[in-house]
1. When the residues of region 49-75 are narrowed to those that are hydrophobic (A, V, I, L, M, F, W, C) and out of contact with any strand residue (DSSP E or B) (no Cβ under 9 Å at 6 or more places or on another chain), which ends up farthest from residue 31 (Cα to Cα)?
2. Would you say residue 40 is at pLDDT 95 or above, in contact with a strand residue (DSSP E or B) (Cβ under 7 Å, 6 or more places away or on another chain) and open to solvent by less than 50 Å² (accessible area, probe 1.4 Å)?
3. Among the numbered conditions (1) part of a helix (DSSP H, G or I); (2) open to solvent by less than 60 Å² (accessible area, probe 1.4 Å), tell me where residue 136 comes up short.
4. Taking residue 99, is it buried (at least 17 other Cβ atoms within 10 Å of the Cβ), touching a Lys or Arg at 6+ places or on another chain (Cβ under 7 Å) and under 21 Å from residue 73 (Cβ atoms)?
5. Would you say residue 21 is farther than 15 Å from residue 113 by Cβ and either assigned to a loop (DSSP other than H, G, I, E, B) or modelled with pLDDT of 95 or more (or both)?
6. Considering each residue of region 54-88, count those that are more than 27 Å from residue 122 (Cβ to Cβ) and not β-branched (Val, Ile, Thr), and give that number.
7. Of these, 130, 76, 35, 148, which one is out of contact with any helix residue (DSSP H, G or I) (no Cβ under 8 Å at 6 or more places or on another chain) and surrounded by fewer than 15 Cβ atoms within 10 Å (Cβ to Cβ)?
8. If you go through region 83-94 one residue at a time, do you hit one that is without any contact (Cβ under 8 Å) to a residue 60 or more places away in the chain, touching a strand residue (DSSP E or B) at 6+ places or on another chain (Cβ under 9 Å), of a type in the set (Val, Ile, Thr) and open to solvent by less than 50 Å² (accessible area, probe 1.4 Å)?
Amino acid sequence: MSFVPDDFEVPRSLAGEGFRLEPLGPEHNEGDYRAWTSSISHIRATPGFEGRSWPVPDMTLAENLGDLERHAADFAGRSGFTYTVRAEGSDEIIGCVYIYPEASGASVDADVRSWVSADRASLDVVVYEAVSQWLRSAWPFATVRYAAR
C-alpha cells in the first residue's frame, strides 16, 4: 500500500504566520545546513527529536546534501514528504517539516516532526499548529503522530 493514494495531489506549499513551506531539495543545502548546525541543542530538545541520533554535529555539508537528495527522491516517489521552512518575506531557511510513514509499527498513518532554528524558537508552536491543521484539512491521513508543543 502506498503512503498516499495515487490520485492524491501532494501539497507543494503552506503559508503561515511568519513562515512558508516548500518541498526540500538539494538547492536548499547551504541554508538548511546553516539552520540546523546553529541549533543542534535546540532541535534535540524539540518534541519529537528527543533521544534521536540526528542532528549529527560532525555531519559535513556534502553529507547533508546526500540527505537532501534522499528527501527529494522520497518526495518524488511519494514515499515521504519533507518541506523546508522559510522565514516569511525572505528566502532564509529556518527549519524543516517531515511527513513519513510510521516506522515503529504503531497504528498511525503518518509520523510527523518539525523543527525551527533556535533564533526562530518563537515560531515552533506557530508551525506546529499550522501544520497540524494542514494535515487535518489537506492530507488523506486519518491518524497522525506529531509531538505536541
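1. Here the answer is 73.
2. Here the answer is no, as residue 40 does not meet what is asked.
3. Result: residue 136 fails condition (2) only.
4. no
5. Spelling it out, it is not the case that residue 21 is farther than 15 Å from residue 113 by Cβ and either assigned to a loop (DSSP other than H, G, I, E, B) or modelled with pLDDT of 95 or more (or both).
6. 17
7. 76
8. Scanning region 83-94 turns up no residue that is without any contact (Cβ under 8 Å) to a residue 60 or more places away in the chain, touching a strand residue (DSSP E or B) at 6+ places or on another chain (Cβ under 9 Å), of a type in the set (Val, Ile, Thr) and open to solvent by less than 50 Å² (accessible area, probe 1.4 Å).
The values are calculated or read from the model by the stated rules, or taken from the named source; none is laboratory data. Treat the numbers as computed from the prediction; the structure is a model and nothing was measured. All Cβ positions, even for glycine, are placed from backbone atoms using ideal geometry, and neighbour counts span all protein chains on display. Only protein heavy atoms, including side chains, enter the accessible area calculation; ligands, DNA and RNA are left aside. Shrake-Rupley method; radii C 1.70, N 1.55, O 1.52, S 1.80 Å.
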